[in-house]
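One structure below.
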Amino acid sequence: MRRPLLLAALLLCALLGIAQPAFAHTELVASSPKDGATPTKAPTHLTLTFDEAVDLADVRVLTVDGDRLPVSRTARGNVVRVALGSPADGRFALVWSVVDEEDGHASSGRIAFAVAAAAKATPTGGDEAAAPAPSPSVRKGLVAARWAGYLALALFVGGLAFVALLWPSGAHEPRARALLGLAWTVGLLATVATAGLQGAYAALGGLRDALRPGTYADVLASQPGIVLAARGLMWVLAAVVLAALLQGAARSPGWRVGALAVTFGLLRTTGMTGHNSEGSQPTWGAVADFVHLLGAALWIGGLAMLALAVLPRRRPGELAEVVPGYARLAALSVTGIVGAGLVLAWQVVGSYDALLHTSYGHLLLVKTAVLGGVLVAAYASRQWVRTRLDLAVLLRGDAATVRSFGYSVAAETGLVLVVLAVTSLLVTADPGR
């Protein structure tokens with residue numbers, strides 16, 4: 001049973017490897033009549049031009065009273081036509097929204113114009129229609145689900161690598177088994193929750209809409225939904241890899257191939273709906289995002305496994321074998337995180353001005369500052385490994401000797417959770433370009 005499942009994982013990973021990542025959010029670039037215009041006679045239709053091709057089902061135009069207006073396609077895929085009625089006062093106030101076909105991000109705005117005679121008769125400013133926007137509770141839920149998904153991915157992938165590469169005997173340790181099992185459960189549930197919340201977010205609905213079967217059907221028909229479905233399948237296949245690991249198969253070549261395939265699939269599907277393809281080099285952005293996620297997973301998952309499963313045992317032999325190995329792995333991971341992060345920052349933000357004057361740039365600066373604190377704590381941990389590990393081993397894992405190392409690891413872990421929270425906000429926010 002494991003072989004066909006692992007073959008399915010390899011095939012799915014191959015398809016994910018050639019799939020194109022998400023592009024920039026869909027934005028309105030022009031309208032005719034434009035906002036604030038005063039045409040001489042009442043127009044029969046409104047033309048909306050977006051910066052990329054859109055699906056008619058993803059475009060909504062409403063009147064002030066909430067009536068949805070019919071939308072039709074034109075010869076160009078990025079231009080749609082909206083049929084207008086004939087208001088008695090000659091004033092038009094419309095709200096529009098569009099869902100990005102690639103990453104499911106919702107954009108919206110307001111357009112108001114009036115026939116010249118009506119504009120002179122009545123001053124502007126009386127009929128304000130608020131632009132539609134996703135529910136704040138849905139947005140917060142989506143951020144929380146993505147945070148849980150990132151954390152579960154890091155704990156599972158990093159924990160799996162930690163046990164397979166540095167601590168094979170940890171497959172039989174109850175704490176390590178519980179951590180991996182919890183990470184798998186949270187990862188699968190977070191993916192299911194993200195699908196429902198993504199559907200409610202795209203439809204500008206509420207939290208109740210996230211629980212409706214129709215919402216799941218709609219989101220699974222879109223590209224973000226397909227990516228989420230693929231991620232859910234990878235989590236199902238990850239259960240096979242986890243079960244084999246817990247049975248002691250970590251050293252078999254077949255298990256390692258399956259584990260690599262599942263790891264690649266989980267990382268790839270997590271990065272496909274982000275902002276990594278902004279800018280002029282989307283392929284390099286996708287590669288940098290994969291390296292960034294992999295480095296973060298190896299670092300965070302290994303850190304959690306070290307703090308929650310290895311250190312409480314205080315066994316001298318394990319400390320001497322596992323801690324130096326993890327220190328080297330963490331140093332390599334941090335190098336990858338920083339290098340790939342610089343590439344991603346330039347891809348998505350694009351300029352120092354955008355870094356300093358956009359909300360996305362501000363969040364990126366906050367993430368960088370918190371990451372700096374994490375690196376300080378990591379440096380303290382590394383210094384302990386260099387100067388006091390031998391003493392801790394000599395004293396057979398004495399609690400007083402290991403305590404300072406535990407404090408620095410705990411601080412590192414707590415700050416990493418903050419970094420993941422900011423990352424979840426960055427995925428939901430508009431890119432800086």
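The values are calculated or read from the model by the stated rules, or taken from the named source; none is laboratory data. Bear in mind the structure is a predicted one, so any value in this text is a computation, not a measurement. Here Cβ is always computed from backbone atoms with ideal geometry, including for glycine, and neighbour counts include all displayed protein chains. In case anyone asks, the SASA skips ligands and DNA or RNA and just uses the protein heavy atoms, side chains included. Shrake-Rupley method; radii C 1.70, N 1.55, O 1.52, S 1.80 Å.
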Any pair with Cβ under 6 angstrom, 6 or more apart, that starts in region 367-379 at a residue that is free of Cβ contacts under 8 Å to residues at least 40 places away in the same chain and ends at one that is open to solvent by less than 30 Å² (accessible area, probe 1.4 Å) and part of a helix (DSSP H, G or I): Ala377/Ser408; Ala377/Glu412
Given (1) among the basic types (Lys, Arg); (2) at pLDDT 90 or above; (3) surrounded by fewer than 23 Cβ atoms within 10 Å (Cβ to Cβ), index of the condition Arg256 fails: (2)
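Can Thr413 be described as at pLDDT 65 or above, in a helix (DSSP H, G or I), open to solvent by 20 Å² or more (accessible area, probe 1.4 Å) and hydroxyl-bearing (Ser, Thr, Tyr)? Steps first, please.
On the way: at pLDDT 65 or above: yes; in a helix (DSSP H, G or I): yes; open to solvent by 20 Å² or more (accessible area, probe 1.4 Å): yes; hydroxyl-bearing (Ser, Thr, Tyr): yes.
Yes; evaluated as a whole, the condition is true for this residue.
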Hits in region 332-354 - residues which are open to solvent by less than 40 Å² (accessible area, probe 1.4 Å) and either part of a helix (DSSP H, G or I) or within 16 Å of Val163 (Cβ to Cβ) (or both): Ser333, Val334, Gly336, Ile337, Gly339, Ala340, Gly341, Leu344, Ala345, Gln347, Val348, Ala354
Lone unmet requirement of (1) over 23 Å from Gly339 (Cβ atoms); (2) at pLDDT 80 or above for Ala250: (2)
Evaluation of Val80 against (1) within 30 Å of Ile226 (Cβ to Cβ); (2) open to solvent by 50 Å² or more (accessible area, probe 1.4 Å); (3) modelled with pLDDT of 80 or more; (4) in a strand (DSSP E or B) (one fails), failing number: (2)
Subset of region 36-62 that is hydroxyl-bearing (Ser, Thr, Tyr) and in contact (Cβ under 8 Å) with a residue 40 or more places away in the chain - its residue that is surrounded by the most Cβ atoms within 10 Å (Cβ to Cβ): Thr38
Criterion: crowded, with 18+ Cβ neighbours inside 10 Å, among the aliphatic types (A, V, I, L, M) and over 16 Å from Phe290 (Cα atoms) - qualifying residue of Val236, Val219, Val262: Val219
Of all residues making up region 182-216, the number that are among the hydrophobic types (A, V, I, L, M, F, W, C), surrounded by 17 or more Cβ atoms within 10 Å (Cβ to Cβ) and part of a helix (DSSP H, G or I): 11
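Starting from residues that are of a type outside the set (Phe, Trp, Tyr) and within 22 Å of Arg268 (Cβ to Cβ), keep the ones in region 295-320 and report whichever is surrounded by the fewest Cβ atoms within 10 Å (Cβ to Cβ). Spell out the reasoning first.
Of the residues in region 295-320, the ones of a type outside the set (Phe, Trp, Tyr) are 295-298, 300-320.
Now narrow it down to the ones that are within 22 Å of Arg268 (Cβ to Cβ): 295-298, 300-302.
Values: Gly295: 23, Ala296: 26, Ala297: 25, Leu298: 27, Ile300: 27, Gly301: 27, Gly302: 30.
This residue is Gly295.
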Conditions (1) assigned to a helix (DSSP H, G or I); (2) within 18 Å of the chain's Cα centre (by Cα); (3) at pLDDT below 85; number of the one not met by Thr263: (3)
